[in-house]
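The values are calculated or read from the model by the stated rules, or taken from the named source; none is laboratory data. Quick caveat, the model's predicted, so the values are computed rather than measured. Counting neighbours? That spans all protein chains shown, and the Cβs are built from the backbone with ideal geometry, glycine included.
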Amino acid sequence: MLEPETQICGAVVIFDMDGLSMQHVLQFTPSFANRIVDWLQEAIPLRIKGLYIINQPFIFEMVFKLFKPFLKEKLRSRIVFMGSDRKMLHDYISPKCLPDKYGGTLSIPSVTGGQWLELLLMCDKEFSGKFILIQDIFP
């Protein structure tokens, strides 16, 4: 919404699963997975060019099995599991485009929860007239 060029050209997503616990996994249900995938594939105004999953623990396989049936082949083919292999990540994304945390050299300022909220509120008008109660989405 804020960057039309990104909507057109697309983006690469790094999904860091470090810290995923069984408590988190137990929150996922097939209907929740379906809603998330539907939102990701059909609702957000962004082309996902690659989804790189890093630091995934073994239990993530259970979570991914919930999501996989709902993924279209196009998105499924763009998902790469990398574990903790930084060289593999660097084969897909130059270290100059990655923060220190991922073996890169890019300086990225830390963002607080309040700053994220402020950014989301800037986009509020994009959703006016499209208000949906969170309870309707995630009962």
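A few notes on this one:
- So residue 92, is it among the hydroxyl-bearing types (Ser, Thr, Tyr), within 23 Å of residue 7 (Cβ to Cβ) and more than 16 Å from the chain's Cα centre (by Cα): yes
- Scanning region 1-14 for residues that are surrounded by 10 or more Cβ atoms within 10 Å (Cβ to Cβ), out of contact with any Cys (no Cβ under 8 Å at 6 or more places or on another chain) and farther than 14 Å from residue 49 by Cβ turns up just one, 3.
- Helices (runs of 4 or more DSSP H) fully within region 1-80 that include at least 3 residues being at pLDDT 90 or above: 73-76.
- Within region 95-112, the set of residues being more than 18 Å from the chain's Cα centre (by Cα), of a type outside the set (A, V, I, L, M, F, W, C) and either surrounded by 12 or more Cβ atoms within 10 Å (Cβ to Cβ) or assigned to a helix (DSSP H, G or I) (or both) comprises 95, 96, 100, 103, 104.
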